[in-house]
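Bear in mind these aren't lab numbers, they're just calculated from the coordinates by the rules spelled out. Remember, predicted model here, so these are calculated numbers, not experimental data. When we count neighbours, we look across all protein chains shown, and the Cβ atoms used for this are built from the backbone with ideal geometry, even at glycine.
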Amino acid sequence: MKQNNYQGALQNPLGSGFNAKSTASDVIGTTDLTGKIAIITGGNTGIGLETTKILAAAGATVIVPARDIEKAKKNLQGTSNVELAEMDLMDPRSIAAFAEKFLASGRPLHMLINNAGIMWVPLRRDDRGIESQLATNYLAQFQLTAMLWPALQKANGARVINVSSQGHQFAPFNFDDPNFLHREYETLQAYGQSKTAVNLFSLELDNRSKSSNVRAYSLHPGSIGGTELGRDASLELFQQMGFLDAEGHLLPEIAASLKTIPQGAATSVWCATSPLLNNIGGVYCEDADIATLAADTATSGGVKGYSLDETLAKRLWSLSEEMTGIKFNIN
């Protein structure tokens, strides 16, 4: 029996019974999460908001760290079992302050859903000089998970769910120049490598953490209508991607393929709660099941082998410690 997912050894659908049309409500079913504690980044908008509502309704206590607390309060009004806290994923000090406050509460952490992200933004850098999509989509996940590790361990049965994207197929991770210091900035390349990093991190995290009864997963939620994620992208970029026609209208075949927000949250909820995953981790999921390996030439479903490579995963772990200044020791 394969013990890890290096080189995609475990990338075989389980026959979950769900599909692209399944919603988060379908997936959660009658699951009772009373007594469980979850942290969901970006849990106040888009698929994160839906994930928060579904887990909270199933009885979990959900902590939602947000940059804009007033907006979060408004979006989560009337939702019980939710706590709000301040955190800015572009600011490592803010991440550290949030994590320290949670650890000080002494509570275990059963589900960490690293959901927040940005997409297709112009070139921006954080205070460390790190490109913003890499900083937000990946290094913030690495830092937050590392700092919350004692609480995950304390749960004695925790899951870390890292929201990735089919966009990892845009680019492998560029170890020579991750911050675009010596090459022309291309937002799709930057987005792609940030999501490839998420997959490599989830793979390596699971292999290191499973002996502590902590499992990790990455996932593609689907292409989803009605979120704020593409707000910084230009009309030309959407046309280049083949989403819009010359007049800027959404192509009918694209519109037909889009998921609703409840459908987009389904795979996060499945990864967080499905008993089918009790003895498997480090896998990349989509449509509420484990995804297949993508062919080298494909740009559609599945996961690219370069984002499940053992050597690259270990190399990225070391680089992430170097870039964040955090030693993520799992024992």
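What the table below lists for this structure:
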| read-out | value |
| --- | --- |
| Qualifying residue in segment 21-37 (condition: basic (Lys, Arg), touching a residue at least 40 places away in the same chain (Cβ under 8 Å) and over 23 Å from residue 144 (Cα atoms)) | yes |
| Qualifying residue in segment 42-51 (condition: in contact (Cβ under 8 Å) with a residue 60 or more places away in the chain, of a type in the set (Gly, Ala, Ser) and at positive phi) | yes |
| Enumerated helices (runs of 4 or more DSSP H) restricted to segment 28-139, each holding at least 2 residues that are over 30 Å from residue 171 (Cβ atoms) and of a type in the set (Lys, Arg) | 69-75 |
| Filtered residues of segment 167-201 (kept if in contact with a Lys or Arg (Cβ under 6 Å, 6 or more places away or on another chain) and over 21 Å from residue 114 (Cα atoms)) | 177 |
| Every residue from segment 29-53 that is surrounded by fewer than 24 Cβ atoms within 10 Å (Cβ to Cβ) and hydroxyl-bearing (Ser, Thr, Tyr) | 30, 31, 34, 45 |
